[in-house]
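Only one structure is covered here, and it is reproduced in the block below.
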Amino acid sequence: RLLICLTILHAGFLRAQEISLVPQPTQVAPQKGVFKLDGKTRIICSPQSQAEASWLKSHLASVTGVDMAISTGKRARKNAIQLTIDPSLDMKTDEGYTLTVKASGVQIQATGAAGIFYGIQTLRQMLPADGSAQAIPCVEITDEPSYPWRAMMLDVSRYFFDKDYVKRYLDIMASHKLNVLHLHLVDDPGWRVQISKYPKLTEVGGFRGTGANRYGGYYTQDDIREFVEYAAKLHIDIVPEIELPAHIQSA
């Protein structure tokens, strides 16, 4: 009897591992078959989710080589990825979504654009990372976050990261459905945000050491605006962290 029980548990474990997602969605029901992307696959979206549709189009083109057309409409079509905002869905927040993959097409439904975006991130994880195949396993997923504040912190004071690194950090956060970046801009080692009225905060406080050992950097106000705009497209808020009254030897 023990052997039978272990065999059943092992079979269930294998089925659960067929689709590996991080974070694990609330409900995942694998189905038989796959949906195959091809040159005729289209993205159909609600007018409110056009930005998310454009993000999906760009991502799929980069990882699969398939450049999909985008159109707006409500009617589902075969060989399409449908993004539908439906306020009547039974979701606690606009970050929840349902994702249904059938052999005939894909449908992501949510009550708001954030839910559509997170459904896209789940779909993104279901593609092979190397883009070697364009088949998505059939599945039914219902998901919504357990916590409204899902954050990561990036300390740019102790070690300065350039703009491309910060954007890449935001990309990785978005892929894991994190929605708040704590940007640690000020601490003893360096002051990283430009303040027009006090230019020496960055001209002096943004660097340490002398000569060949001089190290540091800072973000201009335009850089910060660029971060905020970029993060907003990924449904991420940026919380600036400025140490006061202690931990400001940089000032």
note = So, over other residues within a Cβ distance under 13 Å of A53, counting Lys, Arg +1 and Asp, Glu -1, the net charge is +2
message = Can you give me the % of accessible surface on the chain that is carbon or sulfur? Probe 1.4 Å, all protein chains present, nothing else counted.
response = 56 percent
message = What does the net charge come to around Y215 if you take all other residues with beta carbon closer than 12 Å to its beta carbon, with K and R at +1 and D and E at -1?
response = +3
ask   = Using the Cβ atoms and a cut-off under 15 Å, what net charge is assigned to the surroundings of P245, where Lys and Arg are +1 and Asp and Glu are -1?
value = -4
inquiry  = Please compute the per residue accessible area over the range 180-251 with all protein chains in place, 1.4 Å probe, rounded to a whole number of Å².
reply    = 58 Å²
key: Helix-only [θ]222 nm of the chain, DSSP H runs n ≥ 4, -39500 (n - 2.57) each, per residue, nearest 500   = -9000 deg cm²/dmol
ask   = What span do the alpha-carbon atoms of the chain cover on each of the three principal axes, reported in whole Å from largest to smallest?
value = 66, 54, 37
request  = Among DSSP beta bridges lying fully in the range 37-145, give the percent that are antiparallel, nearest 5.
outcome  = 45 percent
task = Quick one: P(r) of the range 46-117 from all Cα-Cα pairs, 10 Å bins, percents rounded to integers, in order of increasing distance.
result = 21, 53, 24, 2
key: Antiparallel %, DSSP beta bridges [both residues in the range 129-251], to 5   = 25 percent
query = To the nearest 10 square angstrom, how much accessible area does T210 have with a 1.4 angstrom probe?
reply = 110 Å²
task = Report I70's accessible area, 1.4 Å probe, all protein chains in place, as a number in Å² to the nearest 10.
result = 60 Å²
query = In vacuo Debye scattering of the range 38-172, one point per C-alpha: log10 I(q)/I(0) at q = 0.13, 0.14, 0.15, 0.21 Å⁻¹?
reply = -0.60, -0.68, -0.77, -1.29
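The values are calculated or read from the model by the stated rules, or taken from the named source; none is laboratory data. Predicted, not measured: the structure shown is a model, and the values here were computed from it. Because the Cβ atoms are built from the backbone with ideal geometry, glycine has one as well, and the counts that use them run over all protein chains shown. The protein model used for the area step is the full one, side chains on, heavy atoms only, and it has no ligands, DNA or RNA in it. Shrake-Rupley method; radii C 1.70, N 1.55, O 1.52, S 1.80 Å.
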